[in-house]
1. Assuming N74 fulfils every condition listed in (1) of a type in the set (S, T, N, Q); (2) over 19 Å from L104 (Cα atoms); (3) touching a strand residue (DSSP E or B) at 6+ places or on another chain (Cβ under 8 Å) apart from one, which condition is it?
2. Could you pull out the residue among L103, L129 that is touching a Gly at 6+ places or on another chain (Cβ under 9 Å) and closer than 18 Å to Q3 by Cβ?
3. Name the single residue that is surrounded by the most Cβ atoms within 10 Å (Cβ to Cβ) among those in the range 40-74 being in contact with a helix residue (DSSP H, G or I) (Cβ under 7 Å, 6 or more places away or on another chain) and aliphatic (A, V, I, L, M).
4. Any idea which of (1) hydroxyl-bearing (S, T, Y); (2) at pLDDT 95 or above; (3) closer than 26 Å to A138 by Cβ is the one T87 doesn't satisfy?
5. Considering the range 1-32 alone, what residues qualify as being without any contact (Cβ under 8 Å) to a residue 60 or more places away in the chain and either in contact with a Ser or Thr (Cβ under 7 Å, 6 or more places away or on another chain) or polar (S, T, N, Q) (or both)?
6. Do we find a residue being hydrophobic (A, V, I, L, M, F, W, C), surrounded by fewer than 19 Cβ atoms within 10 Å (Cβ to Cβ) and in a strand (DSSP E or B) anywhere in the range 26-36?
7. Taking the range 100-112 only, how many residues are under 15 Å from K80 (Cα atoms) and surrounded by fewer than 20 Cβ atoms within 10 Å (Cβ to Cβ)?
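The values are calculated or read from the model by the stated rules, or taken from the named source; none is laboratory data. Predicted, not measured: the structure shown is a model, and the values here were computed from it. When we count neighbours, we look across all protein chains shown, and the Cβ atoms used for this are built from the backbone with ideal geometry, even at glycine.
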Amino acid sequence: MQQFLDTVRSFDSVLELAPTEGSGFPEIAWGDHFFYYAPDGKVPNGQPYATFVTKDYPGDTGSGLDAPGRWRINVHVGKKAFAELVTDPEQGGGHDFGAADVLLPHPLYADQGWIAVVDPGPGTTPMLLELVRRAHDAARERARRRTG
């Protein structure tokens, strides 16, 4: 996970929320990381472009993140890129959301153009680093369009 954190932290105008005990964020978010494009240093309206989660959330347990050392990166790639990257479960035989180092649709937010990878490894790391970079760039462009 550290390689991904270091890479995303190096992007221009990145804002990382990393809730911990006493931070004012709900306990369920402690230990996770949420990344936004925020040149003013303030959390923008809307969703982050990437999240790193270290545990199962209610209604999202298929990745088995409560096992020690497991984590999942989630990246908003948009609907077009999503369709190019992810096999339709109807055609591909379904998805094992707990499979490690496999690019998958996000278990809950696939319809919104989110992908997910549990425990990225050599099979997904190079592609994921590029997808996170593109997600950051897309968030920057959305912010520029909003501000005119």
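1. Among (1) of a type in the set (S, T, N, Q); (2) over 19 Å from L104 (Cα atoms); (3) touching a strand residue (DSSP E or B) at 6+ places or on another chain (Cβ under 8 Å), the lone unmet condition for N74 is (2).
2. L103
3. Among those that are in contact with a helix residue (DSSP H, G or I) (Cβ under 7 Å, 6 or more places away or on another chain) and aliphatic (A, V, I, L, M), it is A50.
4. (2)
5. Q2, S10, T20, S23, W30, G31, D32
6. No, the conditions are met nowhere in the range 26-36.
7. Matching residues across the range 100-112 total 4.
Yes or no, residue by residue, for (1) assigned to a helix (DSSP H, G or I); (2) without any contact (Cβ under 8 Å) to a residue 12 or more places away in the chain:
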site	(1), (2)
I73	no, no
T87	no, yes
H95	no, yes
G98	no, no
V102	no, no
A116	no, no
P122	no, no
P126	yes, yes
E130	yes, yes
